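The values are calculated or read from the model by the stated rules, or taken from the named source; none is laboratory data. Values in this document were obtained by computation on a predicted structure and should not be read as measured data. Every residue, glycine as well, gets a Cβ built from its backbone with ideal geometry; the counts of neighbours run over all protein chains shown.
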Amino acid sequence: MNAILSHNRFGLTEPVYRSDTEAYGTKPSVRLRGFTRRFGDNAIIDGLDLDLAPGELVSLLGRSGSGKTTLLRTLAGLDGTSGQDVSIPAARAVVFQDARLLPWKRVWENVALGLKGKDIRKRAEQALREVGLGHRLDAWPLTLSGGEAQRTALARALVRDPQLLLMDEPFAALDALTRLRVHELVLKLWRIHKPTVMLVTHDVDEAIALSDRILVLDKGRIVAEERIDTPRGERLALTVALREKLLGCLGTGHISEDDDLTVVFDDKPNIPFSPSDPF
Ligand SMILES: Nc1ncnc2c1ncn2[C@@H]1O[C@H](COP(=O)(O)OP(=O)(O)OP(=O)(O)O)[C@@H](O)[C@H]1O
């Protein structure tokens, strides 16, 4: 069980205890039925059904070109969904792989960008404190480290109090140690604010460490799904077993299922090799 404070951005009240695996609400936060997205004649997303429960943290794995970003853009409302059976929350925020900060605006101004109403600086300040950057409010983005820039992007998303937080490989450009620290931070913030999260990642271990559920997308369809009930603190042993299975679903990301995976030697019989061999 994790002791957290009940969610009120401007006045933290009594603690609420919530386990990692507590059941979520029954009414989905995100619901797609038979969703299709075409570019020309190609159905990049092909008749997809998807439900995300409120407060659920779901990772989306898939080879390059499988449609992950296209799906994320749909959930962000950045792509046309008209005439389709799509239900997404109104309050959404996106964190991209690059922090996308405006270099001519100070850190707090980047976080406050587009906010309306009173106490905008105060709200930005509060969000920046939450990501551990209360001391860099007036800094210029170009003076931030990669991890700090991504934390600023996270603060900019959080300050909007999103019901749905979408993240497109937000940790990919960070070094291994910084990535682990930002994982911890994201989990801490997620436990406090409980947005529904869709995380696009290429990193199977990251998906196992963070998620309630992992989806594997291939050619615009969900081809594998793993629900993880093991508490996050106890996932190391699980990782070893589950990563092989998920890597099997993914291939290497470079070799397609249609490729001929047979090597022919002159003096030996055909030797098949596996997409997970380290080439
Ligand atoms: N605006 C567009 N016009 C035409 N084709 C597009 C457009 N956007 C995406 N595609 C195509 O849709 C397919 C899926 O792209 P998408 O970016 O969703 O894949 P992805 O799984 O996120 O890949 P990656 O892991 O490499 O980022 C690709 O073949 C891409 O070329």
Cβ-Cβ below 7 Å, separation at least six or inter-chain, first residue in region 199-218 and free of Cβ contacts under 8 Å to residues at least 60 places away in the same chain, second part of a helix (DSSP H, G or I) and surrounded by fewer than 23 Cβ atoms within 10 Å (Cβ to Cβ): which pairs?
D205/T239; D205/R243; I208/L238; I208/T239; I208/L242; I208/R243; A209/H183; A209/R232
Condition first: modelled with pLDDT of 90 or more, part of a loop (DSSP other than H, G, I, E, B), surrounded by 11 or more Cβ atoms within 10 Å (Cβ to Cβ) and out of contact with any Ser or Thr (no Cβ under 8 Å at 6 or more places or on another chain). Can you find one or more residues in region 23-33 that meet it?
no
G77 passes all but one of (1) at positive phi; (2) at pLDDT 95 or above; which number fails?
(2)
If we only count helices (runs of 4 or more DSSP H) wholly inside region 56-157, which ones have 2 or more residues that are within 16 Å of the ligand (Cβ to nearest atom) and assigned by TED's automatic domain parsing to the domain that holds I45?
68-76
Among the numbered criteria (1) in contact with an Asp or Glu (Cβ under 8 Å, 6 or more places away or on another chain); (2) within 15 Å of the ligand (Cβ to nearest atom), which one does N42 miss?
(1)
Give me the residue from region 206-234 that is surrounded by fewer than 19 Cβ atoms within 10 Å (Cβ to Cβ) and in contact with a helix residue (DSSP H, G or I) (Cβ under 6 Å, 6 or more places away or on another chain) and, out of that set, modelled with the highest pLDDT.
A224
Qualifying positions in region 140-162 - touching a Pro at 6+ places or on another chain (Cβ under 6 Å) and aliphatic (A, V, I, L, M):
L142
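Hey, among the residues in region 97-149 that are acidic (D, E) and within 25 Å of the chain's Cα centre (by Cα), which one's farthest from T69 (Cα to Cα)? So that I can check it myself, show each step before the final result.
Residues of region 97-149 acidic (D, E): 98, 109, 119, 125, 130, 138, 148.
After this cut, where a residue has to be within 25 Å of the chain's Cα centre (by Cα) as well, the list is 98, 109, 125, 130, 148.
Numbers: D98: 14, E109: 27, E125: 30, E130: 28, E148: 24 Å.
Top of the filtered list is E125.
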